[in-house]
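Scroll down for the structure; my scribbles are underneath it.
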Amino acid sequence: MTIWQAVVMGIVQGLGEFLPISSSAHLVLVPWLFRWHDPGLTFDIALHLGTLVAVIAYFWRDWVDLIKGGLRGTKTTEGRLFWYLVLATIPGAIIGLLLEEKAETVFRNPALIATMLILLGVILYWADRRGRKFTDVNKITLGQSLLIGVSQALAIIPGVSRSGITMTTGLIFGLTREGAARFSFLLSAPIIFGAGLIKVPDIIANPAMINASFLIGILVSAIAGVASIGFLLRYVQTKNYLPFVWYRFLLGAVVLVVALARWL
């Protein structure tokens, strides 16, 4: 992979991780559409580490308060939210471990990805229109947290979108747009960290992977991630998710047309 391609992939990951458009889908589809060499899941996860840096950097004050509160138990709002995030991470972590092999093979199918882009676009549109939107992130319940955590497990399939499915579930169960987005962003940190930790042995076994393209991709991903977090948190204060829904429809349709043309 060239440095230019690593920059493109870093931007794709940084924007896609926090916007409800599926970064994992784009990391598969961009090389597929442009006929680049697919760097594989290990490089994808390395780019995710860039977005882990982004979410920790953007919310560092929140994380300090959450960890302090968590160490004191669940008596404070921060303490409850910390442990809710911990519990909500468990379903996604278990599913990720069980389906790791399929995530590297079967689930990286462009037609499947396109279908999931369109299907989850429909669900996001419905949730955004029908959700009650009255619960702030600081008032989230244990039940809401667990349901969002369970939904996050579906993001093992590229095209679902981790941020998209967690925001959608949050909206369905009464969170405000901003509350759903903030909880989704905070929830991304432990799952990305865990996925990266699992791939550390692969990187250690192949030190040649750590080259200029690898490091630049991570850096660009982190910068783009900070920008996309800030943008979406401001955007959802006054606007809906319709542009992202239309983008998912359009990308899904393009991928299906290209897949059909290449098959014929």
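The values are calculated or read from the model by the stated rules, or taken from the named source; none is laboratory data. All values reported here derive from a predicted model rather than from experimental measurement. Don't worry about glycine lacking a Cβ; one is built from the backbone with ideal geometry, like all the others, and counts go over all protein chains shown.
Data table
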| read-out | value |
| --- | --- |
| Qualifying residue in the stretch 88-99 (condition: part of a helix (DSSP H, G or I) and closer than 25 Å to PRO207 by Cα) | yes |
| Condition met for ILE157 (surrounded by 20 or more Cβ atoms within 10 Å (Cβ to Cβ) and touching a residue at least 12 places away in the same chain (Cβ under 8 Å)) | yes |
| Odd one out for ALA93, checked against (1) closer than 21 Å to GLY143 by Cα; (2) surrounded by fewer than 20 Cβ atoms within 10 Å (Cβ to Cβ); (3) modelled with pLDDT of 95 or more | (3) |
| Selection count, the stretch 128-150, where residues are of a type in the set (Ser, Thr, Tyr) and either farther than 26 Å from PRO243 by Cβ or modelled with pLDDT of 95 or more (or both) | 2 |
| Subset of the stretch 74-90 that is of a type in the set (Val, Ile, Thr) and closer than 17 Å to ILE165 by Cβ - its residue that is surrounded by the fewest Cβ atoms within 10 Å (Cβ to Cβ) | ILE90 |
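Here is a yes/no grid of residues against (1) surrounded by 21 or more Cβ atoms within 10 Å (Cβ to Cβ); (2) in a helix (DSSP H, G or I); (3) not charged (D, E, K, R):
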site	(1), (2), (3)
HIS37	no, no, yes
THR42	no, yes, yes
ALA46	yes, yes, yes
VAL53	no, yes, yes
VAL64	no, yes, yes
